[in-house]
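These notes concern the structure reproduced below.
The values are calculated or read from the model by the stated rules, or taken from the named source; none is laboratory data. Keep in mind that what you see is a predicted model, and the values were worked out from it rather than measured. Please note: Cβ atoms are built from the backbone with ideal geometry, for glycine as well, and neighbour counts cover all protein chains shown.
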Amino acid sequence: MRRIGIAIILTAAVSIALRGQTPRVHQFVPEKFYTTYSFAHPPALHINPGDRVVTKTIDAAGVDWTGKQVSSGGANPETGPFFIEGAEPDDMLIVTFQRMETNRTTGYSSSLLAPYTIDPQFIAARVDREPKRMTWTIDKAKGIAFVDSSDLKPSHLEVPLKTMLGCVGVAPARKEAITTTTPGAWGGNMDYVGVAAGAKVMLPVYEPGALLFIGLFPSVLSYLLWNRALAVIPPAVGGVFLNLITVYTATFTIITGKPLIAAQIIGGSIIIAGVVLASLANPTKRAKRPSTTG
């Protein structure tokens, strides 16, 4: 198995860079977007290992950096695919994200907590309103995002601006076409905060050229959910779930074919056991925390 390295720069929406012996810089503005990972989509750009691609992504609803609706085919429309010359099945593609920046002054989220952020029993016991779309203002210079709404308590909510990439994947095995809302061995919709500037993602190659897709630039979303969760459950309880980040990283290495070592298996088991024990302790105290979604 060969390893093919690429570097990705994410600017404005998202920028990609691929690294090689004679690197070139490609300025690529996407015009067509896809909501499936598939070998059947024609390459948007051919690049060599080591080349750098500066490009953009649109948001999960298909709206671009100018506020124009450019895709209506489904959730998480992707930029690409990028055909990496020389990549063959059984190779490993290494994607390095060099820079990520927001490309708009606004973003959006729901007014309610996602059901998976806290105990299902607590969600079931709450009397929630209908979810509303919250529009956030992004202050790139100050590195913050904020929202003002009477539907929230407090009515002004401000969070640090932390960029990440929600989706990165390649064409799946067996000539499958898989929706971009799905994660799997090919990558996909991982929504992992660790996929940020400086991160390296290793993906298996199933098709000639790998056919790399990227999309969904959440930015504020994950940190918003974390801040909202802490407003509903005690920090000591919510904090234990941050430990799952290391488990996810170790699991991802299995998916891409890199074997786990004994220390990772033991460490992951200890982390999972600790999270389970902390979750089971004093469940009634968590449920007594008041709602903060207004």
### Summary
All conditions in (1) within 25 Å of Gly86 (Cβ to Cβ); (2) surrounded by fewer than 22 Cβ atoms within 10 Å (Cβ to Cβ); (3) at pLDDT below 85 are true of Lys132 except (1)
### Query
From the residues in segment 145-171 that are at pLDDT 85 or above, assigned to a loop (DSSP other than H, G, I, E, B) and over 20 Å from the mean Cα position of the chain (by Cα), which one is surrounded by the fewest Cβ atoms within 10 Å (Cβ to Cβ)?
Ser155
### Query
Filtering segment 59-106 down to residues that are of a type in the set (A, V, I, L, M, F, W, C) and assigned to a loop (DSSP other than H, G, I, E, B), which residue is nearest to Gly209 (Cα to Cα)?
Ala87
### Query
Can you tell me which residue in segment 69-95 is modelled with the highest pLDDT, limited to those that are surrounded by fewer than 19 Cβ atoms within 10 Å (Cβ to Cβ) and among the polar types (S, T, N, Q)?
Gln69
### Single residue of segment 43-68 satisfying the filter (among the polar types (S, T, N, Q) and touching a residue at least 24 places away in the same chain (Cβ under 8 Å)) that is surrounded by the fewest Cβ atoms within 10 Å (Cβ to Cβ)
Asn48
### Task
State the number of residues belonging to segment 30-58 that are more than 18 Å from Ala210 (Cα to Cα) and over 21 Å from the mean Cα position of the chain (by Cα).
1
### Query
Cβ-Cβ below 9 Å, separation at least six or inter-chain, first residue in segment 143-164 and more than 26 Å from Ala199 (Cα to Cα), second surrounded by fewer than 18 Cβ atoms within 10 Å (Cβ to Cβ) and among the basic types (Lys, Arg): which pairs?
Ser149/Lys132; Asp151/Arg129; Asp151/Lys132
### Message
Filter segment 31-53 down to the residues that are hydrophobic (A, V, I, L, M, F, W, C), assigned to a strand (DSSP E or B) and modelled with pLDDT of 85 or more and list them by number.
### Response
Leu45, Ile47
